[in-house]
Amino acid sequence: MGAIERNNVHVRGTGGQSMVFAHGFGCDQNMWRFVEPAFVSEFKTVCFDHVGAGGSDLKAYDKEKYSSLAGYADDVVEIGRELGLADAVFVGHSVSSMIGALAAQKAPGMFGKLVMIGPSPRYVDDGDYFGGFTEGQIGELLQFLDSNHMGWSVQMAPAIMGNPDRPELGQELTNSFCRTDPDIAKAFARVTFMSDNRADLAKLDVPTLILQCSDDIIASRPVGEFVNRTIRNSEIVFLKATGHCPNLSAPDEVVAAMRTFV
Amino acid sequence: MTDPRIDDFEDMFENAPCAYITLLPNGRIERVNKTLLGWIGHTAEHMVGKRFSDFLNMAGRIYFETHIAPLLRMQGFYDEFAIDMVTAAGGPLQMIANAREGRDAAGGALFTRLALIKATDRRRYEHELLQARDVAKTNLESERETSELREQFIAVLGHDLRNPLASISAGARILGRDAKSDKEHQVIAMLETTVLRMAGLIDNVLDFARGRLGGGITLDRNSRRPLEPVLHQVIDELRLSSPGRRIEAEYAIDVPVDCDRSRIGQLVSNLVGNALSHGASNEPVRVRAATEDGLFRLSVANSGEPIPEAAMGRLFEPFFRGEVRASRQGLGLGLHIAAQIAKAHDGTLDVSSTSEETRFTFSMPLR
């Protein structure tokens with residue numbers, strides 16, 4: 001099985017340049033539903049699910065490989081190679097911002113521009129560095145994920161995705177989007193929140209746009225500003241949008257900022 | 001005269017048996033009901049205008065931002081999620097909640113309503129279940145490792161036992177060529193008998209270990225070659241190894257039997273060996289092999305004490321050993337392996353035992 005099937009890749013649009021959308025922890029490619037359509041007339045858009053999320057192949061989950069963000073970045077590079085991407089735009093939400101930064105360094109020339117929405121290179125505080133969380137709080141999160149049942153019937157998701165003309169099928173299920181295998185979700189949470197990619201950002205020289213929300217407790221303003229200072233060829237745009245998912249809560253603002261950049 | 005509060009919607013909201021919270025699209029609290037204020041210990045003035053996240057524990061905040069908020073935007077609702085608030089005193093307020101998003105005509109978010117129910121007990125129960133699951137998983141894994149090691153050990157042991165046995169057998173044959181005295185012949189015959197019995201025991205041990213290791217009993221079926229000569233040979237060997245005992249055999253095999261002939265030989269050897277050990281020594285063991293009624297039937301019968309009622313249910317379990325004199329004591333695998341061979345042939349192995357006769361019957365369908 002190739003990366004296209006494994007990562008449930010969907011390609012739309014006919015533009016000469018490609019734009020790859022990578023979802024963050026807790027969701028799947030559905031989270032681009034208000035942003036991706038805005039670019040489909042000018043770009044070839046590529047949406048996919050990380051292994052363990054959405055319609056990806058759960059059998060492809062390999063504990064060892066996905067014990068660091070590098071494993072996820074390898075998948076992005078494989079997808080890029082299979083699609084023959086060059087000089088593409090990579091749009092990463094949350095943890096996928098770092099996955100994009102790693103992928104851009106693994107495959108020089110594949111990505112010509114990066115868009116990072118709510119990025120954080122390290123969530124746990126470290127000396128002078130402010131990440132916003134203590135290690136204990138992340139441990140609390142991992143324990144908490146055990147008591148949330150979302151995704152326990154993950155195999156139902158593709159059935160719904162395969163019937164877009166029958167939305168009533170979706171109504172029978174409690175939560176039909178962003179289902180993840182609970183064990184994989186927990187492992188992904190650990191990898192995400194324990195990662196430290198500060199040194200990788202310093203090596204990055206791809207032009208990068210950082211979209212920083214107001215009032216984002218996952219990736220707060222000082223973290224966004226750190227990312228901006230660390231990536232030498234980067235600019236930061238402060239959004240009015242609140243929370244951690246402006247691609248869902250304020251898609252117009254996100255699209256406008258991206259257009260100016262690309 | 002009905003109480004006016006029955007139809008009072010304000011009262012229904014404020015004093016509902018669940019907590020209500022209304023959020024603005026920016027995640028800030030617009031309204032809370034009295035039930036929540038009673039549970040959490042804050043005033044409405046303190047809560048309204050603050051972020052909902054401000055009243056969650058850190059795990060709840062992350063979960064809210066990464067799961068609940070995005071799902072509400074995508075599907076407009078999110079049901080049955082666990083969320084932990086923090087009381088004014090700093091204690092946990094564990095809840096289960098449903099959320100609905102109010103939208104304008106264009107699908108934009110206007111507000112979010114949450115209904116929350118206390119779930120302290122339920123959460124404790126879930127926690128216990130999770131712990132029990134983890135313990136069970138750990139135990140299962142260590143059990144599996146131990147049993148795998150044990151069975152691999154048996155398999156290796158069985159294999160290593162065969163080599164010296166082959167040497168003894170070859171040595172006995174060489175000596176047999178030059179044997180002169182009756183005593184020498186007797187000792188060599190005894191050696192060969194012992195080697196045969198030992199080889200049978202090792203076969204059973206290996207089959208048992210293989211079965212447990214997941215390979216199961218494998219068959220090499222062949223209906224073109226006749227079965228009867230194989231049965232003859234096995235029974236002749238058993239006669240040689242049990243001088244003084246009678247084994248009566250009767251054959252009525254009229255059609256080809258699609259079976260693994262050496263496995264059926266092993267089955268007969270195990271059953272007859274069992275009958276010789278447990279049956280009355282002054283009465284014959286009776287073997288009958290026949291094709292009839294669309295079945296291949298093979299029965300082995302002996303006289304003597306019937307099998308005790310209590311033992312009947314466990315006869316085919318591995319390592320089950322009945323009362324028998326020590327010299328004939330086996331491993332307790334013979335009947336178990338025989339039953340496995342029967343099963344591999346889509347057949348059955350049944351037993352009946354009365355004061356007149358104990359009879360094991362193997363039946364398999366003719367195809």
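The values are calculated or read from the model by the stated rules, or taken from the named source; none is laboratory data. Because the structure is predicted, anything quoted here is derived from the model rather than measured. Cβ coordinates were reconstructed from backbone atoms using ideal geometry, including for glycine residues, and neighbour counts include every protein chain displayed. Just the protein is used for accessible areas: all its heavy atoms, side chains included, with ligands, DNA and RNA removed. Shrake-Rupley method; radii C 1.70, N 1.55, O 1.52, S 1.80 Å.
Worth a mention:
- For a straight C-alpha distance cut-off of 15 angstrom, the aspartates and glutamates reachable from B:K343 (same-chain residues fewer than eight places away being disregarded) are B:D207, B:D220, B:D258, B:D260, B:E317.
- Full extension of the segment from A:D215 to A:Q105, taken as 0.36 nm per residue of separation minus the current Cα-Cα distance, would add 36.5 nm.
- Relative to the globular-protein estimate of 2.2 N^0.38 Å, the Cα radius of gyration of chain B stands at 1.83.
- Shown here for the range B:277-311: trypsin sites (Lys or Arg not before Pro) in loop regions (DSSP other than H, G, I, E, B) with at most 10 other Cβ atoms within 10 Å, of which there are none.
- Buried accessible area, chains B and A (both chains, 1.4 Å probe, Å² to nearest 100): 3000 Å²
- Convex hull (Cα only) mean projected area of the range B:4-118, reported in nm² to one decimal: 7.5 nm²
- Modelled FRET efficiency - R0 22 Å, B:E145 with A:S67, Cβ distances, 0.05 increments: 0.45
- Nearest-20 debye value, chain B charge dipole, Cβ charges on Lys, Arg, Asp, Glu: 960 debye
- Peptides A:251-258, A:46-53 ranked from most to least packed, by the mean per-residue count of other Cβ atoms within 10 Å: A:46-53, A:251-258.
- Once both labels are positioned 7 Å from their Cα atoms along Cα-to-Cβ, the gap between B:K343 and A:R229 label points is 6.9 nm.
- Accessible heavy-atom area order of B:K180, A:K186, highest first, probe of 1.4 Å: B:K180, A:K186
- Partner chain coverage, peptide B:71-84 - average Cβ within 10 angstrom: 6
- Normalised Debye scattering of the protein assembly as shown at q = 0.07 Å⁻¹ gives log10 I(q)/I(0) of -0.67, counting only Cα atoms as equal scatterers and leaving out solvent.
- Förster-model FRET efficiency, 25 Å R0, B:D54 and B:T120, C-beta, rounded to 0.05: 0.70
- Each label was represented as a point 7 Å from its Cα along the Cα-to-Cβ direction; for B:R239 and B:T138 these points are 6.3 nm apart.
- Protection proxy ranking, highest mean first, for peptides B:277-285, B:256-264, A:89-97, B:222-230: A:89-97, B:256-264, B:277-285, B:222-230, where packing is the per-residue count of other beta-carbon atoms within 10 Å, averaged.
- Heavy atoms of the protein chains alone define the surface here; on that basis chain B has 55 Å² accessible area per residue at 1.4 Å probe size.
- Global size of chain A as Cα Rg and Dmax, reported in angstrom: 17.3, 53
- Those trypsin sites (Lys or Arg not before Pro) in the range B:16-113 that DSSP places in a loop and that have at most 15 other beta carbons within 10 Å: B:K50
- Averaging 1/r across all pairs of distinct Cα atoms in the range B:64-132 and inverting the result yields a Kirkwood radius of 13.5 Å.
- Long pairs among A:K65/A:K240; A:K65/B:K118; A:K65/B:K137; A:K44/A:K106; A:K63/B:K118; A:K59/A:K106, criterion Cα-Cα beyond 28 Å: A:K65/A:K240; A:K65/B:K118; A:K63/B:K118
- Estimated inter-spin distance, B:R31 and B:L130, nm [label 7 Å along Cα→Cβ]: 3.5 nm
- The range B:217-367, accessible surface, carbon-and-sulfur percent (1.4 angstrom probe): 47 percent
- Under Karplus coefficients 6.51, -1.76 and 1.60, residue-wise ³J(HN,Hα) of the range B:128-142 in Hz, glycine/proline x: 5, 4, 5, 5, 4, 5, 5, 4, 4, 5, 4, 4, 4, 4, 6
- Residues of the range A:120-147 that bury at least 20 Å² of accessible area when the other protein chains are present, relative to the chain alone (probe 1.4 Å, heavy atoms, ligands and nucleic acids excluded): A:F133, A:Q137, A:E140, A:L141, A:Q143, A:F144, A:L145, A:D146, A:S147.
- Atom-type composition of the exposed protein surface of the range B:4-118 places 54 percent of the accessible area on carbon and sulfur (1.4 angstrom probe).
- Computed P(r) (all Cα pairs; the range B:217-367; 10 Å bins; percent): 11, 44, 35, 10, 0
- Farthest toward positive dipole pole in the protein assembly as shown [+1 Lys/Arg, -1 Asp/Glu at C-beta], among A:A38, B:I188, A:S234: B:I188
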